[in-house]
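Everything on this sheet refers to the single structure shown next.
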There are 2 protein chains.
Amino acid sequence: MGAVKTKRMPRAVREQQMLDAAVRIFGQRGYMAASMDEIAELAGVSKPLVYLYLNSKEDLFTACIRREAGALVEAVRAGVRRDLPADRQLWEGLGAFFAHTGENPDAWSVLHLQARTHGEPFAAEVTAMREEIVAFVTQLILAGAREAHRDPDLPEREVAGLAEALVGAAESLAAWANATPGVTARQAAATLMNFAWAGLGDLMAGRPWAPREEPPGPHVG
Amino acid sequence: MGAVKTKRMPRAVREQQMLDAAVRIFGQRGYMAASMDEIAELAGVSKPLVYLYLNSKEDLFTACIRREAGALVEAVRAGVRRDLPADRQLWEGLGAFFAHTGENPDAWSVLHLQARTHGEPFAAEVTAMREEIVAFVTQLILAGAREAHRDPDLPEREVAGLAEALVGAAESLAAWANATPGVTARQAAATLMNFAWAGLGDLMAGRPWAPREEPPGPHVG
């Protein structure tokens with residue numbers, strides 16, 4: 001690559017540029033295939049400067065995960081008004097989530113795919129973020145149950161499972177929305193509310209799904 | 001490791017033993033960290049024999065993905081009676097899915113985590129399997145909508161999004177169930193039916209979730 005001319009610039013600004021470039025390359029190429037040469041070139045700096053600032057490919061990747069996990073959690077948090085009913089909070093949180101993952105598809109790829117499969121230190125960073133989001137969703141489900149006047153008689157494990165299901169559905173929809181032209185954050189959020197909340201709503205109101213008995217004769221509508 | 005004594009055994013049987021060992025090591029260590037030495041040792045064969053039969057670590061991993069994807073789809077298919085109402089089919093399909101992923105946690109780790117992040121040939125194998133499952137769920141949602149007498153006036157894109165959400169929820173719950181002692185396949189399936197079907201049921205019956213207006217004064221119960 002040779003030396004790249006670098007203007008004088010505060011270290012913090014340079015570092016953010018390196019992270020911007022790294023998130024893009026890690027997200028698009030994957031962690032293993034990403035090259036430090038390409039990251040340095042995209043950031044407009046020399047490779048030794050990347051190593052000087054971020055130390056190693058591992059540390060650079062960790063810094064990317066940490067920054068993007070923080071940004072995603074912050075975006076969701078900022079999107080939610082805590083004084084609204086639980087379903088409205090979820091609606092706003094999902095809207096913020098899909099807006100952020102849609103605007104930052106490479107960051108989402110780093111968090112959702114890359115960070116989870118290249119060993120413990122990386123996976124642990126994402127696990128911490130995911131647990132924070134699951135805890136937020138768990139609180140919303142409990143608040144929703146209280147609003148529906150069924151004061152927590154949903155077993156704790158059932159609530160934990162529901163929160164996992166909701167977060168998994170959101171993760172899957174984010175990947176799908178990013179891969180499907182024309183799907184907006186609002187549509188993705190509406191689809192998930194339709195899918196999840198109406199169902200959670202029934203559950204909280206004491207109407208769980210139960211298998212019907214097989215009809216004895218022709219299906220009665 | 002040195003030569004390992006190997007009894008005479010048909011090649012097909014030996015290959016399955018190698019794949020059994022490889023799934024376990026790939027699932028527990030991850031693709032990158034997995035060593036061919038360890039796989040050969042666990043399979044009770046020499047490393048050259050693994051290379052002779054499966055050619056390379058890449059090909060061995062591909063063979064694992066292909067076998068386990070096929071087994072999972074087959075387990076779900078075998079668990080479903082197609083003459084039942086759509087919700088019962090989903091209930092049985094989910095039961096079979098969680099039973100299979102619970103009995104084969106290493107295979108699930110290979111499919112859900114490892115296979116998706118180590119480049120295109122591997123990811124494509126899993127994508128094909130996932131598309132088959134999404135298509136199955138899509139058909140169930142359409143069938144459910146017909147049973148609810150709302151002949152497909154759910155837009156195609158909405159149904160596609162719902163199917164993605166349901167599959168993502170199931171993936172997330174499978175990982176959670178495998179990591180949480182004491183969660184049975186039946187409980188995971190029941191949680192997801194509670195979460196998903198009651199909600200889909202409302203949607204199919206023409207009762208989508210809609211944000212309530214913010215209450216003008218104190219919350220009215």
- Query: For B:K57, are the conditions met, namely being basic (K, R) and closer than 21 Å to B:T127 by Cα?
  - Reply: yes
- Task: Pick out, from region A:24-116, the helices (runs of 4 or more DSSP H) lying fully within it that include 2 or more residues that are within 14 Å of chain B (Cβ to nearest Cβ) and open to solvent by 30 Å² or more (accessible area, probe 1.4 Å).
- Result: A:57-79, A:86-103
- Of all the residues that make up region A:90-140, how many are more than 13 Å from the chain's Cα centre (by Cα) and without any contact (Cβ under 8 Å) to a residue 60 or more places away in the chain? 10
- Message: So for region B:51-59 (the condition being under 22 Å from the mean Cα position of the chain (by Cα) and touching a residue at least 12 places away in the same chain (Cβ under 8 Å)), does at least one residue qualify?
- Response: yes
- Item | The lone exception for A:T191 - which of (1) of a type in the set (V, I, T); (2) within 8 Å of chain B (Cβ to nearest Cβ); (3) closer than 18 Å to A:F136 by Cα it fails | (3)
- Query: Does at least one position in region B:159-167 carry a residue that is open to solvent by 10 Å² or more (accessible area, probe 1.4 Å) and either under 18 Å from A:V134 (Cβ atoms) or without any contact (Cβ under 8 Å) to a residue 12 or more places away in the chain (or both)?
  - Reply: no
- Note on the structure: Picked from region B:123-140 (must be open to solvent by less than 30 Å² (accessible area, probe 1.4 Å) and within 11 Å of another protein chain (Cβ to nearest Cβ)), the residue farthest from B:R81 (Cα to Cα) is B:A123
- Kindly indicate whether A:G201 is open to solvent by 10 Å² or more (accessible area, probe 1.4 Å), farther than 23 Å from A:T138 by Cβ and either at pLDDT below 90 or not in a helix (DSSP H, G or I) (or both). no
- The correct count of residues that are at pLDDT below 85 and basic (K, R) in region B:89-138 is 1
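The values are calculated or read from the model by the stated rules, or taken from the named source; none is laboratory data. Just so it is clear, the structure is predicted and the values come from calculations on it, not from any experiment. Virtual Cβ from ideal backbone geometry, glycine too; neighbours counted across all protein chains shown. For the accessible areas, the whole protein counts, side chains as well, though only heavy atoms, and no ligand, DNA or RNA atoms are used. Shrake-Rupley method; radii C 1.70, N 1.55, O 1.52, S 1.80 Å.
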